[in-house]
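Here the structure is laid out as structure tokens; the discussion comes afterwards.
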Amino acid sequence: MPNLKAILVLGAGVDSVLGDPDLPGDAPVLRLVDAGLSGPMAEYALYAVLHFQRRMADYFEQQRSATWQRRDELLAKRWTVGVMGLGVLGATVAQRIAAQGYPVAGWSRSGNPVEGIEVYAGAAGFDPFLARSRVLVNVLPLTPGTRGILNARTFSTMPAGSYMVNIGRGGHVNEVDLIAALDAGQLAGAMLDVFDQEPLPAVHPFWRHPKIIVTPHVAAPTLASESEAQVVGNIGRLERGEQPLGLVDRKKGY
Ligand SMILES: NC(=O)c1ccc[n+]([C@@H]2O[C@H](COP(=O)([O-])OP(=O)(O)OC[C@H]3O[C@@H](n4cnc5c(N)ncnc54)[C@H](OP(=O)(O)O)[C@@H]3O)[C@@H](O)[C@H]2O)c1
């Protein structure tokens, strides 16, 4: 396509496009900026936090054997949540959870402030951020710098018996390390929406692990009308020589 002017990606993440060996070197890559995705992402993450905090997995299990047993529950104000990635989607996820009374911190590369959220930055901020996070919610983009970031070292820096929610990309998770951390009790549960291989193969151990909840990449599906409006708007901006929305920095990978 010698006249290609731009590549408009119908999603917020561009890892699959940037990883394409046939990607032309010069055309700008534009991703979706929110386009209605932040609300559904926040709902999914909030559901996961509530599910874990209110011991719903235990109660679902108890119901199978008609067991009436009250479990200890910590109040929301003592249930610390950490959001990895404070971009367009992560900032909304963090603020919506914080609005329900959870102490929320976030972690990003730059440490840019997000109202109402305690922000940790870069490599130096990572361990203190993890050490205070009872539930870790991943909303990072998948780049060479973030691939495999949810690994044994990360899990062991979190408080014992923590929880992990992944709505970023499957490539963020070291799958062997995750199962080991769950089996050892270092993690008490995980809710996973994205996987290295999608659809998740029927034989994959995640399907049958008692501490894992699997959903089929549904946290925030692309919305046709919002995306269409943004794509049309961006084509107009390019034609008028204006700065488009969602211009991807190929060096940073997001
Ligand atoms: N499950 C789903 O249905 C679904 C739907 C949509 C999107 N997603 C995923 O969500 C991701 C995030 O989307 P977005 O629109 O919020 O992206 P974004 O606006 O580009 O934000 C990315 C955030 O991650 C931070 N970050 C990137 N690399 C980092 C690193 N090495 N260390 C620390 N922080 C780093 C950035 O830090 P700075 O602020 O310093 O730049 C920024 O805060 C997408 O890439 C996609 O993979 C999933």
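A few points about this structure:
- Charge dipole (the chain, unit charges on Cβ, about Cα centre) - positive-most of Leu8, His172, Leu238: His172
- The distance from the alpha carbon centre of the range 59-122 to that of the range 223-254 is 31 Å, rounded to a whole number.
- Peptide ranges 191-203, 157-169, 83-95, 14-26 listed from the most packed, as the mean C-beta count within 10 angstrom indicates: 83-95, 157-169, 191-203, 14-26
- Degrees between helix 224-239 axis and first principal axis of the chain (Cα, 0 to 90, nearest 10): 30 degrees
- Gyration tensor verdict on the range 67-218 (Cα atoms; rounded if a/c is under 1.5, prolate if a/b is larger than b/c, oblate otherwise): oblate
- Principal-axis tilt of helix 38-53 within the chain, Cα atoms, nearest 10 degrees: 10 degrees
- For the range 15-141, accessible area per residue (1.4 Å probe, heavy atoms of protein chains only), Å²: 51 Å²
- Sulfur and carbon atoms: percent of accessible area, the range 128-254 [1.4 Å]: 57 percent
- Under 29 Å from the Cα of Lys5 - lysines, other chains or at least 8 residues apart: Lys251, Lys252
- Net charge dipole, the chain: roughly 640 debye, given to the nearest 20, about the Cα centre with Cβ charges of +1 for Lys and Arg and -1 for Asp and Glu.
The values are calculated or read from the model by the stated rules, or taken from the named source; none is laboratory data. It should be emphasised that the depicted structure is a prediction, and the values quoted were computed from it without experimental measurement. Don't worry about glycine lacking a Cβ; one is built from the backbone with ideal geometry, like all the others, and counts go over all protein chains shown. When the accessible area is computed, the model is the full protein with side chains, heavy atoms only, and any ligands, DNA or RNA have been set aside. Shrake-Rupley method; radii C 1.70, N 1.55, O 1.52, S 1.80 Å.
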